[in-house]
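Worksheet: the structure to be examined is printed underneath.
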Amino acid sequence: MDLKQFFAPGRPCFSLEIFPPKDHQGGVETIYETLDGLREVHPEFISCTYGAGGNLADSSTIEICSIIKEKYGILPISHLTCVNNSKENIGVIMDSLKEKGITNILALRGDLKPGQQPEKDFAHASDLIFYIKERDPEFFISAACYPEGHPDSGDLITDVLDLKKKVDAGAEHLISQLFFDNEDFYRFRDRCELAGIDVPIEAGIMPVTSKQSILRMVSMCGASIPAKLAKILNRFEDKPKAFEEACIAYAIDQMIDLISNDVDGIHLYTMNKPYIAKRIFEVIDPMR
Ligand code: FAD
């Protein structure tokens, strides 16, 4: 489905991201609790992450996308990584998605695993995007972008030129990596404009839920923690309720500023926590 309808001028798109439940013992059905809460936020779409391992036997992302579509009537976007997948496997996954009526993919390279030989069919997300579009042009492709640059990029100019390759290959919508300083996002938007990238760009916002996990995450994805947030993390780390309230307030503050600066859309990394998403959107929804 063409997402462009969600990006009318003056009305930012709101979307959510979830991941397949880590405890597979309960099966993907345990996702119902998460989705029951998230449906109340009325997102334009919900995307579901995909493991970087390229394991065809794990169909949890496809199953969850199907549940989002059929049970909740919400548009799903299936993440799909290519670094450890062959063209043959990608073809099988595309066919399974199409069978379930899912034609929206967030096309990603995935992270390279230390000690694991990557598949040779795809080096970059742009190769995957090109392959999907060539094999079945009906798929609508989204791609990832990085306000502070991807950790593998030598510099911010190379980073945005590589992003342009994804758009030229067929990506029609971008979702950003998490960031905590909106100025990083605004500078990135300016670079995109200079590079001729004119597809909608959604800002990825992650409400912090634990100091340890956010420090681990930023060390992997290359995002930085501004002094204002670092002080909050340090001040309230031993007071769980205060910590949660302060981090929700920080995310809301970021979003109000983004909306005031005409962001195309906000993509909330929900961490499968509907309570936090609901708290945030109660405040934000009237501002659309
Ligand atoms: P690419 O676009 O291939 O970029 C990777 C690096 O290669 C960059 O440094 C880029 O500058 C460079 N590059 C790109 N194209 C070229 C080219 N043609 N020539 C030379 N260099 C190039 N990971 C998962 O495993 N599962 C998920 O579900 C998932 N979801 C994500 C969702 C979002 C919104 C984001 C921001 C990230 C997500 N990731 C996920 C993480 C992602 O897989 C990693 O960030 C990965 O390291 C890069 O993926 P990419 O698609 O951006 O790669």
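The values are calculated or read from the model by the stated rules, or taken from the named source; none is laboratory data. It should be emphasised that the depicted structure is a prediction, and the values quoted were computed from it without experimental measurement. Ideal geometry is used to build each Cβ from the backbone, glycine not excepted, and the neighbour counts take in all protein chains shown. Just so you know, the surface numbers come from the protein's heavy atoms only, side chains and all, with ligands and any DNA or RNA stripped out. Shrake-Rupley method; radii C 1.70, N 1.55, O 1.52, S 1.80 Å.
Overview of values
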quantity: Residue tally, condition over 16 Å from the mean Cα position of the chain (by Cα) and open to solvent by 70 Å² or more (accessible area, probe 1.4 Å), over region 257-284; calculated: 4
quantity: Sole residue being under 21 Å from G222 (Cβ atoms) and either more than 13 Å from the ligand (Cβ to nearest atom) or touching a Pro at 6+ places or on another chain (Cβ under 9 Å) (or both), chosen from R189, R135; calculated: R189
quantity: Any hit, region 87-105, residues being within 9 Å of the ligand (Cβ to nearest atom) and open to solvent by less than 10 Å² (accessible area, probe 1.4 Å); calculated: no
quantity: From the options D121, D111, residue that is in a loop (DSSP other than H, G, I, E, B), of a type outside the set (V, I, T) and touching a residue at least 40 places away in the same chain (Cβ under 8 Å); calculated: D111
quantity: Filtered residues of region 162-182 (kept if touching a residue at least 60 places away in the same chain (Cβ under 8 Å), more than 7 Å from the ligand (Cβ to nearest atom) and either open to solvent by 10 Å² or more (accessible area, probe 1.4 Å) or of a type in the set (S, T, Y) (or both)); calculated: E172, N182
quantity: Lone unmet requirement of (1) open to solvent by 10 Å² or more (accessible area, probe 1.4 Å); (2) touching a His at 6+ places or on another chain (Cβ under 7 Å); (3) outside any loop (DSSP other than H, G, I, E, B) for T30; calculated: (2)
quantity: Unique residue being part of a helix (DSSP H, G or I), among the hydrophobic types (A, V, I, L, M, F, W, C) and surrounded by fewer than 16 Cβ atoms within 10 Å (Cβ to Cβ) when the list is L215, L229; calculated: L215
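The rows are residues; the columns are (1) more than 17 Å from T270 (Cα to Cα); (2) surrounded by 24 or more Cβ atoms within 10 Å (Cβ to Cβ).
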position: F19; (1), (2): no, no
position: I46; (1), (2): no, yes
position: G53; (1), (2): yes, no
position: L56; (1), (2): yes, no
position: K71; (1), (2): yes, no
position: N85; (1), (2): yes, yes
